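The values are calculated or read from the model by the stated rules, or taken from the named source; none is laboratory data. All of these numbers come straight from a predicted model, not from anything done at the bench. Here the Cβ positions follow ideal geometry from the backbone for every residue, glycine too, while neighbour counts run over all protein chains shown.
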Amino acid sequence: MKIENLRDKTNFSSPLGVGGSLSISITKSMLTTDGKTNLVVCAEIQDNELLCLFGHSGAGKTTLLRLLAGLTKPDKGRIVFNDTVWFDSEKKINLPPQERNVGYMFQDYALFPNMTVEENISFGQKEKNKDEVNKLLELFDLQILRNQHPAKLSGGQKQRVALARALAAKPNVLLLDEPLSALDYEMRLALQHEIRKAHELLNTITIMVSHDLQEVFHLASSVILLKNGMVINEGKPADVFSKNYTQNYYSFP
Amino acid sequence: MLDQDFINTLLLTGKLAVWTTFILFVLGFPVAYLLAYKKFWLKPVVEALISMPMVLPPTVLGFYMLLAYSPQNTFGRFLVEHFNTRLAFSFQGVLIASVIFSLPFMIQPLQNGLTSIPKSLREASYTLGKSKLTTFLRVLIPNMIPSIITAVAMTFAHCIGEFGVIIMVGGNIPGETRVASIAIYDEVQAMNYHTANQYSFVLFIVSLVILTLVYSINKKTTPINL
């Protein structure tokens, strides 16, 4: 769906996000099942990219998202969004998550059990705006669930609420941690569409953790391939997953 | 049939329990928060100290409290010199001892309640721009109501049932330190079994009601599943 069409349909006159580019250059030691490894990532992410982080578990995908969100502190390096320094180990800058304004969707969705669907979404807003909550409810097809509590929702419904809540804050960057892994195949296909919708509406960077090739090809404009904390390839999905690299990636040591 | 002395003793018992619970709630929440979410190397020692009243004879704590209150020692002398107060055998003295002695009953349920809330809920709130205080008030507290009720009820019940520390620190002064548990002991010594029975019955019923409340709440709630 074209971006313009989507906005017409939902009465969002302008994109929710401010847009911008993200420059990452960090190292972080992490503990995996194979022992200690270092996560080393250097990347420039352009405005409006939908980037997939692809790799086995323990490759550092979730850690990288947490570093970007400010939930985990890198050992060294810099993270800069537009002109704002989020992290700089030399200058001792480390913006807390509250000031980075990222939308983070957790693997378990982390919906607040004490709030209804509507309250979860409006909790994400910087300024209360009932009109916008209604638009988000409509966009993600949640109107009839607005007064339900998360415990009553199915996995796919929770995922849509989590997306809507993340968007309500109008984040600079949208971070999605394996958003579809807990869902069955058909639900995945349907919700890939919701993710694209969220990305287009936000009109800024979306970074998504995935280990599903189909998902990467369907959604991503670019992909970073991680293995044991190292970036082993990056670029367009078709280039990254050309025969050589895939063989290399899946080869056993 | 109920004489004034009986009513006064029960009112004093209630007053001590209410104050103890209130003070511990205010003091205990920040402590429980630190113990639940922060790592520091002295943490096991702090946790052990807080739990000490559960294993220590009340007389041990009472003895140390008396020593501390004594004007011959620093803390007691400080109080006499600056506030002209002696804490031994006073309501305030009993209250302080009672607060210390009920620490684990407030802090442990609160700490358990806080740790049972998935970390991602706090982090989600932070990424949505909410401060730690807002997160505490709007995300953490509403999702640990059963733990809060348990903490308050257990502290209150434990305080009503406390005997050893109070008799050590407060003695048996009517209207000041003579709470129901002390009065029972005193009446039995004086062979007033009827009065002792009245006090005992009230304490029995109050404690039973409180514990039943706690168990019915804990049965109804299931752990948070996201």
(Q) Against the definition (more than 14 Å from chain B (Cβ to nearest Cβ), closer than 22 Å to A:Glu215 by Cα, buried (at least 20 other Cβ atoms within 10 Å of the Cβ) and of a type in the set (A, V, I, L, M, F, W, C)), how does A:Leu189 come out, yes or no? (A) no
**Q.** Residue check, B:Pro174 under 22 Å from B:Val94 (Cα atoms) and either in contact with a His (Cβ under 6 Å, 6 or more places away or on another chain) or not basic (Lys, Arg) (or both)
**A.** yes
**Q.** Complete set of residues in the range B:82-138 that are within 14 Å of another protein chain (Cβ to nearest Cβ), touching a Pro at 6+ places or on another chain (Cβ under 8 Å), closer than 20 Å to B:Thr150 by Cα and assigned to a helix (DSSP H, G or I)
**A.** B:Gly113
**Q.** Number of the exception - B:Ala190 against (1) away from every other protein chain (no Cβ under 13 Å); (2) crowded, with 18+ Cβ neighbours inside 10 Å; (3) of a type outside the set (Phe, Trp, Tyr); (4) more than 21 Å from B:Ile23 (Cβ to Cβ)
**A.** (2)
Q. Has the range A:138-154 got at least one residue that is more than 14 Å from chain B (Cβ to nearest Cβ), closer than 29 Å to A:Glu44 by Cα and surrounded by fewer than 16 Cβ atoms within 10 Å (Cβ to Cβ)?
A. no
Q | Residues satisfying the stated conditions in the range A:100-126, i.e. under 13 Å from the mean Cα position of the chain (by Cα), facing chain B (nearest Cβ under 7 Å) and in a loop (DSSP other than H, G, I, E, B) | A | A:Asn101, A:Phe106, A:Tyr109
Q) If you take the residues in the range B:125-157 that are hydrophobic (A, V, I, L, M, F, W, C) and over 21 Å from B:Leu103 (Cβ atoms), which one is modelled with the lowest pLDDT? A) B:Ile145
Q | Candidate set from the range A:192-222 (those that are hydrophobic (A, V, I, L, M, F, W, C) and surrounded by fewer than 18 Cβ atoms within 10 Å (Cβ to Cβ)); member that is modelled with the lowest pLDDT | A | A:Leu213
Q | Residues of the range A:82-96 that turn out to be within 14 Å of chain B (Cβ to nearest Cβ) and either hydroxyl-bearing (Ser, Thr, Tyr) or crowded, with 22+ Cβ neighbours inside 10 Å (or both), as a count | A | 1
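Considering the range A:97-112 alone, what residues qualify as being among the polar types (S, T, N, Q) and surrounded by fewer than 18 Cβ atoms within 10 Å (Cβ to Cβ)?
Taking the range A:97-112 first, the residues among the polar types (S, T, N, Q) are A:98, A:101, A:107.
Scanning the range A:97-112 gives A:Gln98, A:Gln107.
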Q: Determine if the range A:182-194 includes at least one residue that is of a type in the set (Gly, Ala, Ser) and either within 19 Å of A:Gly70 (Cα to Cα) or out of contact with any helix residue (DSSP H, G or I) (no Cβ under 8 Å at 6 or more places or on another chain) (or both).
A: no
(Q) I'm trying to understand the selection: among the residues of the range B:61-72, which are exposed (fewer than 15 other Cβ atoms within 10 Å of the Cβ) and part of a helix (DSSP H, G or I)? (A) B:Phe63, B:Leu67
Q) How about the range A:144-253: which strands (runs of 3 or more DSSP E) wholly inside it have at least 3 residues that are in contact with an Asp or Glu (Cβ under 9 Å, 6 or more places away or on another chain)? A) A:205-210, A:222-227
Q) Looking at (1) farther than 17 Å from A:Cys52 by Cα; (2) more than 12 Å from chain B (Cβ to nearest Cβ); (3) surrounded by 17 or more Cβ atoms within 10 Å (Cβ to Cβ); (4) not acidic (Asp, Glu), which is the one condition that is false for A:Arg165? A) (2)
Q: Just give me the residues in the range A:68-77 being more than 14 Å from chain B (Cβ to nearest Cβ) and buried (at least 18 other Cβ atoms within 10 Å of the Cβ), in sequence order.
A: A:Pro74, A:Gly77
Q. In the range B:18-51, what count of residues is obtained for those that are in contact (Cβ under 8 Å) with a residue 40 or more places away in the chain, within 21 Å of B:Leu95 (Cβ to Cβ) and either touching a Cys at 6+ places or on another chain (Cβ under 7 Å) or hydrophobic (A, V, I, L, M, F, W, C) (or both)?
A. 12
Q. Is at least one residue of the range A:176-185 of a type in the set (Asp, Glu), modelled with pLDDT under 85, more than 25 Å from A:Phe81 (Cβ to Cβ) and surrounded by fewer than 20 Cβ atoms within 10 Å (Cβ to Cβ)?
A. yes
